[in-house]
Every structure is written in C-alpha cells, then in structure tokens.
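The values are calculated or read from the model by the stated rules, or taken from the named source; none is laboratory data. Source: prediction; values computed, not measured. Cβ placement follows ideal geometry from the backbone for every residue including glycine, while neighbour counts extend to all protein chains displayed. For the accessible areas, the whole protein counts, side chains as well, though only heavy atoms, and no ligand, DNA or RNA atoms are used. Shrake-Rupley method; radii C 1.70, N 1.55, O 1.52, S 1.80 Å.
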Amino acid sequence: MADDLQQHLDNSLYGTPQLKPDEQRKYLGTFRERCYLQMTLAQMRNQNLQDCLKTHVTDFEGAHCLMNNQVSDTLQADYIQILAAAAIPFTIVSSNQKSDDAIGLLLVASEAVDEAIIDIAEKYPTNESKPTSEKKPSFWGKFFD
C-alpha cells in the first residue's frame, strides 16, 4: 500500500512516466516501429519527392499522416491535397523542431509495422539521386585511342 501511495504521489508531482520520450519527440508523438514513411522539412520542399509521395501514398493501406506544424502554410496545403486525394486522414502535430533535418511528415500505422527503411529518398530513389555512371572521355583520349 505504501508503494501505491508513493507511486501516486510521484505521478502527481512529475507526471505519468512515458515510454521512450526522446523517440516520441523525434517521431511527432509516435514510435519508430509504427512508421511507414518519413519526409524531412527539406525533403518536403523538393518537388520530385512530392511527386514520389503522390505516386506511392496509396501503397500504405490504413495509414495515418502526422505533419509537423513548422511546415509552411503553402506546403501544408499541397500535402493536404495529396492526402485528401488518397483518402488518408492527417493530423497536424505541434512541434518545436524547425531545422531542415527535422521530420516534417510521417505516414504511420496504429500498430507496429517495423519498416527497415522509412526515409522517402532511400525507399524510392529518384533519377536525380542516382549517380551517373557515364564517364566523359578525356580530351587526349579522343586523339589517342
């Protein structure tokens, strides 16, 4: 009984203990194992990755979108249109993460899905991100082959 009383007092003073609070802060209030896809704030401004999201957003059945409130209003409107066209519900999450590396958009599930790769640029590489393997011949190589 004394332990229950002490736990009740601790919860009243310090709040209810959270599981993995740093992870939840980074992933907009959810856990990493529930994430299908993520876009950073910098990636959200990239038109090629925005088109990639349009193409692949329907791959995740039953997904829910979490969007960082630090995303500009015009970008929010663009992504809300994409999500509405795919009938994916979304929530705008209050966050104080403003850097370009901060997560701007997450597609999440209500249970653990354990996707190995969740970054959109790694999961769906575009032509711009692939290195070109064509080697340009040297000036002297043209004459002395």
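A few points about this structure:
- In nm, spacing of pseudo-spin labels at ASP4 and ASN69 (7 Å Cα→C-beta vector): 3.8 nm
- Degrees separating the helix 47-56 axis from the principal Cα axis of the chain, which is the longest one: 70 degrees
- Gyration tensor verdict on region 77-125 (Cα atoms; rounded if a/c is under 1.5, prolate if a/b is larger than b/c, oblate otherwise): rounded
- For the chain, the carbon plus sulfur part of the accessible surface works out to 52%, probe radius 1.4 Å.
- Mean Cα-pair separation over length for the chain, i.e. relative contact order, pairs under 8 Å, 6 or more apart, %: 34 percent
- For THR55, THR16, the ranking by accessible surface with the largest value first comes to THR16, THR55, using a 1.4 Å probe.
- Measuring with a 1.4 angstrom probe and ignoring ligands and nucleic acids, PHE60 comes out at about 20 Å² accessible.
- Per-residue ellipticity at 222 nm from helix content only, as computed over the chain with -39500 (n - 2.57) for each DSSP H run of at least four residues, stands at -10000 deg cm²/dmol.
- Shape call, region 1-71: gyration tensor on alpha carbons, a/c limit 1.5: prolate
- By the Stokes-Einstein formula, at 1.567 mPa s and 4 °C, the chain with its Kirkwood radius over alpha-carbon pairs has D equal to 72 µm²/s.
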